[in-house]
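Heads up, the thing below is written out as structure tokens.
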Amino acid sequence: MSKVKVAVFGCGAIAQRRHIPEYAANPNAELVAFADPVLERAQQMAEQYGGKAYASYEELLKNEKVDAVSVCTPNYLHASMSIAAANAGAHVLVEKPMATTEEEGLQMIEAARKNGVYLMVGHNQRLMPPHVKAKEILDSGKLGKVLTFRTAFGHPGPEGWSVDGRGSWFFRKEEASMGAMGDLGVHKSDFIRHLLGDEVTEVAAFVGTIHKEGTDVDDNATCLLRMKNGAIGTLVASWTHYKGGDNSTVLWCENGVMKIGTVNGDEVIVELRDGTVETYKVGAMATNEKQVPSGVIDAFLESIVTKTPPSISGEEGLRSLKVILAAFESQATGQVIKL
């Protein structure tokens, strides 16, 4: 079969470190074009991986016939670019958060449906080996019902990750729309929904800018979540974990506790009420310092090649986004928000 012709919109950190190398490593994909308003960035990628460079995605879509597009741009552009790609008949993989409002998310889903293409959201936390293992253990039923949980994602902030450092779009509200919550919180709202196979019904949150100077986006959030099946827990997103970052989840269940990524980040620990302790070392979580394959690009290409709708669909991405939007609404109103 012929290769999937891929274009990448936005050639910053996530594109350079994850999307582009992972497409290049997949035998089913051919990178044909790159777009970035900083043309040199697109040109560098084209020189390294082949294909053409464009300063605008509109130009790219006008000149290239592509099968699939990765949208790796600031949050405020996700919707317009995804819709344009879908209208051009391309499958779309969009970075998280998929959009900045529910309305945008719905428009993206509709554009994909109308054009008969797939829309997938890059929620890579679902695919990390410890998380896959944790879900398998939980689904086996040996821990019984989940009663309470905590899930957290914290690191020192995007200045060490973004190609633009402290000058990054991540810190500009008009481009990012949200800070740590869009960067990290939405990963965890997606993961907890996926892990528990359950939906969030109520959200209460404190969201604020505690320490990052000169930015108007949130750098910390602590949220209370109630799930449909009755479990209650906390979700924390932080850009100020300057030491001792966190990417862990703990579930307290009827028959014991499950700790995911609490010690070295590569393991799942199950402690049962009968005194049994099981440790599963299953491979590392991706961190900013240590890139491991995300699995997202392979899953996206697999969907296209096998004509199977992606499990991390636009609808899924939107449900996870709505939890984060509810947290902002709770902060603004001082109310518990029902979903």
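Length available on full extension from Asn28 to Thr222: 0.36 nm per residue minus the Cα-Cα distance, which gives 65.7 nm. Model label sites at Arg17 and Asp198, defined 7 Å from Cα along the beta-carbon direction, differ in position by 3.2 nm. Decide, for the chain, between rounded, prolate and oblate: order the square roots of the alpha carbon gyration tensor eigenvalues as a ≥ b ≥ c, take rounded if a/c falls under 1.5, and otherwise choose prolate if a/b is larger than b/c, else oblate. Judged from the Cα gyration tensor, the chain comes out prolate (a/c at least 1.5, a/b above b/c). Partner aspartates and glutamates whose Cα lies under 17 Å from the Cα of Lys142, excluding those fewer than 8 positions away in the same chain, are identified as Glu254, Glu271, Asp274, Glu278.
Mean projection of the alpha-carbon convex hull of the stretch 97-241 over all orientations, in nm²?
Averaging across all directions leaves 10.3 nm² for the Cα convex hull.
Peptide packing for 13-25, 53-65, 271-283 was compared via the average number of neighbouring C-beta atoms within 10 Å per residue; ordered from the highest value, the list is 13-25, 53-65, 271-283.
What FRET efficiency comes out for Ala55 versus Asp139 if R0 is 45 angstrom and r is the Cβ-Cβ distance? Round to the nearest 0.05. With R0 = 45 Å, the Cβ-Cβ based efficiency is 0.45. Diffusion coefficient (Stokes-Einstein, Kirkwood radius over C-alpha pairs, 20 °C, 1.002 mPa s) for the stretch 150-217: 160 µm²/s, rounded to a whole number. Of the accessible area of the stretch 1-69, computed with a 1.4 Å probe over protein heavy atoms only, carbon and sulfur atoms account for 48 percent.
Look at the Cα gyration tensor of the stretch 113-184: its axes a ≥ b ≥ c give a/c of at least 1.5 with a/b at or below b/c, and that counts as oblate. Within a straight-line Cα-Cα reach of under 28 Å, Lys212 can be paired with the following lysines, leaving aside sequence neighbours fewer than 8 residues apart in one chain: Lys96, Lys173, Lys188, Lys243, Lys290, Lys322. Looking at the stretch 119-164, the accessible area is 35 square angstrom per residue; that uses a 1.4 Å probe and ignores ligands, DNA and RNA. Here the calculated FRET efficiency for Lys243 and Glu278, from their Cβ-Cβ distance with R0 = 30 Å, stands at 0.50, rounded to the nearest 0.05.
Based on alpha carbons, the Rg and Dmax found for the stretch 246-339 are 18.1, 47 Å. Excluding same-chain neighbours fewer than eight residues apart, the lysines reachable from Lys52 by a Cα-Cα span under 21 Å are Lys3, Lys5, Lys62, Lys65.
The values are calculated or read from the model by the stated rules, or taken from the named source; none is laboratory data. Small disclaimer: the values here were computed from a predicted structure and weren't measured. When we count neighbours, we look across all protein chains shown, and the Cβ atoms used for this are built from the backbone with ideal geometry, even at glycine. For the accessible areas, the whole protein counts, side chains as well, though only heavy atoms, and no ligand, DNA or RNA atoms are used. Shrake-Rupley method; radii C 1.70, N 1.55, O 1.52, S 1.80 Å.
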